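Student: Encoded as structure tokens, here's the structure I'll be asking about.
The numbers here are math on the coordinates, done by the rules we state, and not lab data. Since the structure is predicted, the reported quantities are computational estimates derived from the model, not experimental observations. No Cβ is skipped: glycine too gets one built from the backbone with ideal geometry, and neighbour counts run over all protein chains shown.
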Amino acid sequence: MTNPKRLLIVDDNEDILSTFYEFFNSMGYEVKTAGDGFVALKLLRDEALFFDCLITDLVMPNISGVGLISIVKKEFTHLKIIAITGYGDQPGALASEAKADIVLFKPIDLFKIEDTVASLLSDDNDNPKV
Amino acid sequence: MSTPLIGVSKSMLKIKELINHVANTCLNVLITGETGVGKEVVAQSLYTESNRSSQHFVKINCAALPETLLESELYGYEKGAFTGAHKKRPGKFQTADKGVLFLDEIGDMPLALQSKMLHVLQSGQFSPLGSDQNFKTDVWVIAATNHNLEEAIRAKTFREDLFYRLNIIKIEIPPLRQRKEDIPSLIEYYFRLYKTQYPNNMGSKPDAETLNRLCNYPWPGNVRQLQNCIKKQMVVNSWDKIFEELPSEHPQNIPRDISNPLNHESSPFNYNEETNDRMSIISEFVDLSTSSEKLFEDISLKKIKKLASDRVEKEVITFVLGRVGWNRSKAAKILKISYKTLLYKMSEFEVAPP
């Protein structure tokens, strides 16, 4: 039996957050959620090694997704990062600049996100970033 | 010495915690809030807690200077770059290198300079006016504004791309009227400060009633206005006089009780009285002295409705029973409830003949 992969999902929209939570839970992931980048950062600083992958929205209060990605890239380098944005090109471009592994644009199919997560986490055994 | 961030409200504690978590990231910060809430104090705290605290903290007010002057202040110029440029002068980007550049009133920056700023933030390079040399710059940019930048973007007076680049970390400072809990500690702090600065001043601290009035004033000018009042009190030593001079706010609250001849239309305290009335009614049913978190747990409209109606019912039942010589069936008839209900209510509210 393998350990379930652990996701941290961050979005300031509660409905989206609970939809993501239900979906990834049902797909066999272990999921924790946070309502903005600041809550997420506190979770990470408490137990960074717990998580395998971060899925984050970009435009949020306190610490934005772009801010969170920059911090994670510096402090928690093992984490894979998927950025999801619904605000046009600007934040998405900044997320790429902050070196998110993948940037996806809303609206987006949950199964497609799951595919992305699965493939990111499967080449964990060291393909340096493509 | 810089002012410490003072406050015990939930929102201020959260801001302190946020500062603590991001001070060493050097990510761009946007601080928003009404005038006088303490945006610069927050910027200073970020700087003091960061590993750049031994470097410069350079401030520039983007609203105070005309466009061309602002540009040369920010980027500096070479000798002969324009008429009057007799010698080379470094800009703020240069003096702030390795330190913090605090861009106050960023919402008032002219559009042309916004583009240039964006370019510098993207590339980490700038060139002084009249120079074709590019300089690398390593500044931590903290910007502040009392404008709603999202609205400014819609009105096309602020660049969306610059907004997103600055808005990596957003610190929103609520106005003082939304965090009244902070007022006593602010008063305490500024009293102590001005006493040490002007030891001969006689101004007395507010007593409980005055403090209450101070806490219930809406402070349109926020902490700065409160600060000025305390400074004034050090000189005039009369809270009455200070209240007289405070501008009245929220005029919609003023024409309250027309039938009350004692209600002076011009009094600046109608707002306060109204708030006080409300608070005193609420305090009869809820303990207002607890933390706001606990308070919100305690406030349930259903619970309060029950408490309030119980109290009125008890008074009415006692009154009617007294009038009919404690004849319960008569009282039940008058109250238009059943005899059984009356007995039940009497025992619930512990109503007994004297």
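Student: Nearest 20 debye, what's the magnitude of the dipole of the range A:13-70 about its Cα centre given +1 on Lys and Arg Cβ and -1 on Asp and Glu Cβ?
Tutor: 200
Student: Roughly how far apart, in whole Å, are the Cα centres of the range B:176-215 and the range B:322-354?
Tutor: 52
Student: What whole-number distance in Å separates the alpha-carbon centres of the range B:127-144 and the range B:23-87?
Tutor: Their Cα centres are 11 Å away from one another.
Student: OK, next. In whole Hz and in residue order, list the ³J(HN,Hα) couplings for the range B:68-78 that follow from phi through the Karplus curve 6.51 cos²θ - 1.76 cosθ + 1.60, θ = phi - 60°; x for Gly and Pro.
Tutor: 5, 5, 4, 4, 6, 5, 6, 10, x, 8, 8
Student: Something else now. So what are the ³J(HN,Hα) numbers for the range A:105-113, from phi and the Karplus equation (6.51, -1.76, 1.60; θ = phi - 60°), rounded to whole Hz, Gly and Pro as x?
Tutor: Each residue's phi maps through the Karplus curve to give 10, 6, x, 9, 6, 4, 5, 5, 5 Hz.
Student: If R0 is 35 Å, what FRET efficiency do you get for B:Asn148 and B:His56 from their C-beta distance, rounded to 0.05?
Tutor: 0.70
Student: Moving on. Work out the length of the dipole vector of the range B:302-348 about its Cα centre, built from +1 on the beta-carbon of each Lys and Arg and -1 on the beta-carbon of each Asp and Glu, and round it to the nearest 20 debye.
Tutor: I would put it at about 180 debye.
Student: Determine Rg/Rh for the range A:6-122; Rg is computed over alpha-carbon atoms and Rh is the Kirkwood hydrodynamic estimate from the same atoms.
Tutor: Rg divided by Rh gives 0.91.
Student: Mind computing the radius of gyration and Dmax over the alpha-carbon atoms of the range B:302-348? Å is fine for both.
Tutor: 10.8, 34
Student: Sticking with this structure for a sec: Using only the alpha carbons of the protein assembly as shown, what is the convex hull's orientation-averaged projected area in square nanometres? If you can, show how the numbers build up before the last one.
Tutor: Numbers: hull surface 146.2 nm².
Quarter of the Cα hull surface area: 36.5 nm².
Student: For the range B:290-354, which trypsin sites (Lys or Arg not before Pro) are both in a DSSP coil and crowded by at most 14 other Cβ atoms within 10 Å?
Tutor: Numbers: sites: B:Lys294, B:Lys302, B:Lys303, B:Lys305, B:Lys306, B:Arg311, B:Lys314, B:Arg323, B:Arg328, B:Lys330, B:Lys333, B:Lys336, B:Lys340, B:Lys345; in loops: B:Lys336.
Those that pass, being in a loop and sparsely packed, are B:Lys336.
Student: While we're on this one: Using each residue's phi in the range A:18-23, evaluate 6.51 cos²θ - 1.76 cosθ + 1.60 at θ = phi - 60° and report the 3J(HN,Hα) Karplus result to the nearest Hz, with x for Gly and Pro.
Tutor: 6, 4, 4, 4, 4, 4
Student: Using the crude model of +1 on Lys and Arg Cβ and -1 on Asp and Glu Cβ, and no other charge, please compute the dipole size for the protein assembly as shown relative to its Cα centre, in debye to 20.
Tutor: 1160
Student: Suppose we keep just the DSSP beta bridges with both residues in the protein assembly as shown; what percent of those would be antiparallel, to 5?
Tutor: Numbers: 5 of 41 bridges.
Counting DSSP beta bridges with both partners in the protein assembly as shown, the antiparallel share is about 10 percent.
Student: Can you tell me which of B:Val312, B:Val100, B:Val41 moves the most in a GNM of chain B? Springs connect C-alpha atoms under 10 Å apart.
Tutor: B:Val312
Student: First obtain the Kirkwood hydrodynamic radius of chain B from its Cα pairs, then insert it into the Stokes-Einstein equation at 10 °C and 1.306 mPa s, and state the resulting D in µm² per second as a whole number. Don't jump to the answer; show the numbers that get you there.
Tutor: Details: Rh = 25.1 Å.
D = 63 µm²/s.
Student: Taking the Cβ of B:Asn134 as the centre, find all other residues whose Cβ is under 15 Å away and add up their charges (Lys, Arg: +1; Asp, Glu: -1).
Tutor: That sum, taken over residues with Cβ under 15 Å, equals -2.
Student: Taking chain B as a Gaussian network, Cα atoms linked when under 10 Å apart, which of B:Pro184, B:Pro206, B:Pro66 shows the biggest mean-square fluctuation?
Tutor: Taking springs between Cα atoms under 10 Å, the residue moving most is B:Pro66.
Student: DSSP loop chymotrypsin sites (Phe, Trp or Tyr not before Pro) in the range B:50-149 with at most 15 other Cβ atoms within 10 Å of their Cβ, which ones?
Tutor: Those satisfying the criteria are B:Phe82.
Student: Of the residues B:Met202, B:Met12, B:Met117, which exhibits the maximal mean-square fluctuation in a Gaussian network model of chain B defined by a 10 Å Cα contact cut-off?
Tutor: Judging by the Gaussian network model, the answer is B:Met202.
Student: On to the next question. In a Debye calculation with equal point scatterers on the alpha-carbon sites of the range B:10-174 and no solvent, what is log10 I(q)/I(0) at q = 0.14, 0.19 Å⁻¹?
Tutor: -0.70, -1.25
Student: Here's something else I'd like to know. In chain A, once you exclude exposed trypsin sites (Lys or Arg not before Pro) (DSSP loop, at most 14 other Cβ within 10 angstrom), what's the longest stretch remaining? Kindly include the intermediate steps, with their values, before the conclusion.
Tutor: On the way: sites that count: A:Lys99, A:Lys129.
Of all site-free stretches, the longest is A:1-98.
Student: Right, something else. Which percent of Cα-Cα pairs in the range B:136-200 sits in each 5 Å bin, short to long?
Tutor: 4, 12, 15, 14, 12, 12, 11, 10, 7, 3, 1
Student: Using only helices, what value at 222 nm comes out for the protein assembly as shown when you add -39,500 (n - 2.57) per DSSP H run of length 4 or more and divide by the total residues, to the nearest 500 deg cm²/dmol?
Tutor: Details: 21 runs with 229 residues, N = 484.
The helix-only estimate for the protein assembly as shown comes to -14500 deg cm²/dmol at 222 nm.
Student: DSSP beta bridges in chain B, what fraction antiparallel, as a percent rounded to 5? Walk me through the intermediate numbers first.
Tutor: Details: 4 of 22 bridges.
The antiparallel fraction comes to roughly 20 percent.
Student: For B:Ile15, what is the net charge nearby, where nearby means another residue's Cβ is under 13 Å from its Cβ and Lys, Arg count +1, Asp, Glu -1?
Tutor: Local charge sum for B:Ile15: +2.
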